[in-house]
Structure formats: C-alpha cells, structure tokens
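Engineer: I have a structure I would like to understand better, so I am pasting it below and will then ask my questions one at a time.
The values are calculated or read from the model by the stated rules, or taken from the named source; none is laboratory data. All values derive from a computational prediction rather than experimental measurement. Please note: Cβ atoms are built from the backbone with ideal geometry, for glycine as well, and neighbour counts cover all protein chains shown. Surface accessibility is based on the protein's heavy atoms, side chains included, excluding ligands, DNA and RNA. Shrake-Rupley method; radii C 1.70, N 1.55, O 1.52, S 1.80 Å.
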Amino acid sequence: MGDAGPDASLCPFGRPLRDAHFLFAPTHTPLNHGSFGTYPKSVQNRFREVQALSEARPDTFVRYEYPKMLDESRSAMAEFLGVPVNEVVFVPNATTAINVVLRSLRYEKGDVILHLSTVYAAIEKTIQYLIETTDVDKVNLGVNYPVDDHVLVSRFETVINDAKLGGKKVKIAIFDTISSMPGVRVPWEQLVEVCKREGVLSMVDGAHGAGHIELGLATARPDFFTSNCHKWLYVPRGCAVFCVREKVQHLIRTSLPTSHGFEPLPREGAKIIVNPLMTAKSDKSSFEALFEFVATIDVSPYLCVKEALKFRKEVCGGEGNIMAYCERISNEAGRRIAEIFGTDVMENSEKTLTRCAMTNVRLPLTIGNGPCEIPEKDTIPVAIWMTEILAKQYDIYLPAFIHASAFWTRLSGQIYLDMGDFVKGAEILKTLCMRAKNGEYLGGKSKQ
C-alpha cells in the first residue's frame, strides 16, 4: 500500500482513503477511473447543498445567485490551470466543447481536419458528420502504439506539409493529452508547437488532463482546450472546462445548443430578441456570456469545483501527491499484471507513454485461425464478453479492447486503490482469457 506522502497527518492512500472518503459499494473493485471518474463524500455534500439551494428558490437561484457562483468556479478553475479567467467556461463534457469548436468553424473546399487514429470515437463521428454536411474533409494519421514521441511529432508535421503540397489546408488539428484507448500520454505540447509554426488551429482534447497530469497551459497555450473535471478532478458528472484563447474567441459564435448568450449579426430590419431571463446585462465578454446559461440543465456540478480542489489539497496533500501516487500505482500494477499474464506493458523506447496514471497491458490472447486463437471477426465480441463478465459476475470493472491487432486491458491508477485490487482483477481476467480461447464467449457455438 502506498501513502499520501511525507505528511503523516494525511489519510493514507489506498483502502483507508477509499473507506473514509469514497462512496463505492463494498464489493466493487473500480479499476477504470478514466471513463467516468467519481468523487468523494465532501464533494457529494456540496453537490446536494447546491441542488437544495436551487430548489429552495428556483428563479432567484438561476437568475441571480447561480451566475455569481459560476464566476467563482471559473476563477478557481482558471487559477488551477494558470490561464486568464475570461478564457474559461464550463460545459457538460469534453465532447460538447469539441463539437462547439468544430461546428463553429467555417469550412471551404480544400479544408481538412487532422486527427490521430486514436481520436475519441464520438469526435471521429462528429468529424464524419461534418464531412457529410460541409465542404470539409479529414486526414487520419494512423498510430499503432507503442511509438516514440519524436516519430509521432515528425509524422504529424509531415502530414500537414503533405496536405499543403496536395493543395489542401489543415484548418484544425485535434489531439489528446492522454488518449482513451489505449490510455497513453501524447506529446501534445510538441504538437501544439507544430500547429503554431504551420498556421493550424489546435484543439487539445484533454478529457484525461485536469487532475491527471501537470498541464502547463500557461506555456503551451493551444487555441482550444477542454478537459473533463468529472474524471480525474473529482467533480460530479457532467462538468468540463472549456478554454479558448482570447485571440480566437471570435470564431466561437454559439454554444450547443444555441441559447440566450448568442448575439445575432446586425441585419437591417431584424427583430431584437429579448432574453427571457430578464437579467441586467453584464460586462462579460461575448464568449463568457455564450456559456453562462445554456438551456436548462443541472449546473450543480459546475459549482462543486472549489470543493473538489479543497479535498485534493486538504485531504490528499495537493496535486503532486495525487499525481505521483496514481502514476506509480498504475505503473507498478502494469508490471505486476504483465507478469501474471506472461505478456508486456505498452511502452515506447523513450518511456513516455506511461508518464500518466493509465497503463495498458497486453492480454494473453492471440488473434488468428489456429487452435486456441481468436478469429479476427470475434475480437470485438470477445472484448465485450470479458468486460461484461468481469462487471456483472465479479463486480470488477476492467476494460478489454483491441489495438494494433492485439488484445489489451487499460488500468487506471487512483488514490483509493491498492496493488491487491489490480491483482484481483488480473487473476480473474486471466481465467476469462483461458475461457475465451476455449470458445466460451460463443455459448457453445463453433468458432468457425
């Protein structure tokens, strides 16, 4: 078991912290924090407090109290990220923020969107929708991990230049801080620098960024950045920060959905649309006003940011303690599980892929048509079967997935986990791999 650092007054990380501060069912083994996150009891108390305030005086809260509380959360988040507060707003999730950006841009023939093949699936579908409905096209940079950072950055730059030579223009490039499947650290800071040199807009999908790794946004300064706060920062779902540099805020014309903050372009004879909230006009920028009220949703998660940051500092000893423990337990668990499986951890020669709190371990399964191999057509069904069996029969969530023609599992290190949690999950997953080799996922049917 690890601990929270040199301060003996802090609650030890691992099982003691889980029991004292988190809300998991006693039998549940949560090894997949990266998907939906969770939050401690103190944040839950704040969450309920805000909801109670809202219900006590709904109109007063939504119209007058909420905007002030939202500004406090925005200020706290801006300070945490090291960026100006007028560049920070909240949206329900990173997918929404990226959709806002991609759907706000105006595309011409020859414009392309550049993304890595490991882009989050919902974003790839968004790009496909835009291809169907606008003049934009895409360039998909194929990435089969493990790959060294310098190789990826070089290929990224080459793709942009090749597009130019082909008469195309990379309008915007999208890339992760840490990709989802596989969960590896991406050299996003270097990719931002390439975008700056080449005159390409940069959209950083930091869904796994805030609270997970040191971001250094004040130095990197991408054009657009988003990060889910409900994953690694311990804020309730759904809450994501959306940062847009002031110099490109004019490109963001609307929220999604379009709401009261939208300002139509002046047109002769156009009707003035009155804001039904009937609140005094503020001195906020157009960008800030766009996202202050976006239809009627539960905004309580946005107002829990300060409480989450307080928990991280006062209970956990600060960002350094949290990040160091999560990365260490993830890496150590990866090596231990690779020993159990007799396989290996996904890592490059520069040792940068695992500089985060997620580690990918290859499963003891091979893809092919030989005895005890999984046919290509069955790879996705097998991954689904193993993940579902783990969750429903063993109360363990540990995802299986396919990357570069191999089966993998992704571990998420967290302050509420011990090595024993990972070993428990791995040993059961190993037995499921053996069952898959015997075709049990087919329910007795032939693999042929």
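Engineer: Name the single residue, out of those in region 266-297 being charged (D, E, K, R) and open to solvent by 80 Å² or more (accessible area, probe 1.4 Å), that is nearest to Asp71 (Cα to Cα). Don't jump to the end; show me each part of the working.
Structural biologist: So in region 266-297, the residues charged (D, E, K, R) come out as 267-268, 271, 281, 283-284, 288, 292.
Checking which are open to solvent by 80 Å² or more (accessible area, probe 1.4 Å) leaves us with 267-268, 271, 281, 283.
Values: Arg267: 32, Glu268: 35, Lys271: 31, Lys281: 15, Asp283: 13 Å.
Result: Asp283.
Engineer: For region 315-335, how many residues meet the condition of being open to solvent by 10 Å² or more (accessible area, probe 1.4 Å), in a helix (DSSP H, G or I) and closer than 14 Å to Ile213 by Cα?
Structural biologist: Summing the residues that are open to solvent by 10 Å² or more (accessible area, probe 1.4 Å), in a helix (DSSP H, G or I) and closer than 14 Å to Ile213 by Cα in region 315-335 gives 7.
Engineer: Separate question: Among the residues of region 132-149, how many are in a helix (DSSP H, G or I) and either at pLDDT below 95 or surrounded by 15 or more Cβ atoms within 10 Å (Cβ to Cβ) (or both)? If you could, list the steps in order and put the result at the bottom.
Structural biologist: Narrowing region 132-149 to residues in a helix (DSSP H, G or I): 132-133, 149.
Adding the requirement that they be either at pLDDT below 95 or surrounded by 15 or more Cβ atoms within 10 Å (Cβ to Cβ) (or both) leaves 149.
Total meeting the criteria: 1.
Engineer: Looking only at region 166-188, decide whether some residue is part of a helix (DSSP H, G or I) and either small (Gly, Ala, Ser) or open to solvent by 10 Å² or more (accessible area, probe 1.4 Å) (or both). Lay out the reasoning, then the answer.
Structural biologist: Taking region 166-188 first, the residues part of a helix (DSSP H, G or I) are 188.
If we keep only those that are either small (Gly, Ala, Ser) or open to solvent by 10 Å² or more (accessible area, probe 1.4 Å) (or both) too, we end up with none.
No, region 166-188 contains no residue that is part of a helix (DSSP H, G or I) and either small (Gly, Ala, Ser) or open to solvent by 10 Å² or more (accessible area, probe 1.4 Å) (or both).
Engineer: I need the full set of residues from region 7-44 which are β-branched (Val, Ile, Thr) and part of a helix (DSSP H, G or I), in order please.
Structural biologist: Kept after step one, since they are β-branched (Val, Ile, Thr), are these residues of region 7-44: 27, 29, 38, 43.
Val43, the sole residue that qualifies.
Engineer: Quick test of your reading of the structure: Glu339 fulfils all but one of (1) open to solvent by 10 Å² or more (accessible area, probe 1.4 Å); (2) farther than 18 Å from Val423 by Cα; (3) not in a strand (DSSP E or B). Name the failing condition by number.
Structural biologist: (2)
Engineer: Can Leu398 be described as of a type outside the set (Val, Ile, Thr), open to solvent by less than 50 Å² (accessible area, probe 1.4 Å) and over 23 Å from Ile329 (Cα atoms)? Walk me through how you get there before you give the answer.
Structural biologist: Numbers: of a type outside the set (Val, Ile, Thr): yes; open to solvent by less than 50 Å² (accessible area, probe 1.4 Å): yes; over 23 Å from Ile329 (Cα atoms): no.
Against the criterion (of a type outside the set (Val, Ile, Thr), open to solvent by less than 50 Å² (accessible area, probe 1.4 Å) and over 23 Å from Ile329 (Cα atoms)), Leu398 does not qualify.
Engineer: Here's another thing I want to ask about it. On the given criteria, is Glu124 among the charged types (D, E, K, R), open to solvent by 30 Å² or more (accessible area, probe 1.4 Å), closer than 30 Å to Asn161 by Cβ and modelled with pLDDT of 95 or more? Walk me through how you get there before you give the answer.
Structural biologist: Numbers: among the charged types (D, E, K, R): yes; open to solvent by 30 Å² or more (accessible area, probe 1.4 Å): yes; closer than 30 Å to Asn161 by Cβ: yes; modelled with pLDDT of 95 or more: yes.
So Glu124 passes the test.
Per-residue answers, yes or no, for (1) open to solvent by 50 Å² or more (accessible area, probe 1.4 Å); (2) modelled with pLDDT of 95 or more; (3) in a strand (DSSP E or B):
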| position | (1), (2), (3) |
| --- | --- |
| His212 | no, yes, no |
| Ser227 | no, yes, yes |
| His230 | no, yes, no |
| Val241 | no, yes, yes |
| Pro264 | yes, no, no |
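Engineer: Of the numbered conditions (1) β-branched (Val, Ile, Thr); (2) farther than 23 Å from Ile329 by Cα; (3) outside any helix (DSSP H, G or I), Thr409 satisfies every one except a single condition; which is it?
Structural biologist: (2)
Engineer: For region 249-262, which residues satisfy the criterion of being open to solvent by 10 Å² or more (accessible area, probe 1.4 Å) and either more than 18 Å from Asp205 (Cβ to Cβ) or not in a loop (DSSP other than H, G, I, E, B) (or both)?
Structural biologist: Scanning region 249-262 gives Gln249, His250, Leu251, Arg253, Thr254, Pro257, Thr258, Ser259, His260, Gly261, Phe262.
Engineer: Return only the number of the condition from (1) surrounded by fewer than 22 Cβ atoms within 10 Å (Cβ to Cβ); (2) farther than 14 Å from Ala406 by Cβ that Leu390 does not satisfy.
Structural biologist: Exception for Leu390: condition (1).
Engineer: Working only within region 347-387, note down all residues that are open to solvent by 80 Å² or more (accessible area, probe 1.4 Å) and without any contact (Cβ under 8 Å) to a residue 40 or more places away in the chain.
Structural biologist: Answer for region 347-387, where residues must be open to solvent by 80 Å² or more (accessible area, probe 1.4 Å) and without any contact (Cβ under 8 Å) to a residue 40 or more places away in the chain: Lys351, Asn369, Pro371, Glu376, Lys377, Ile380, Ile384.
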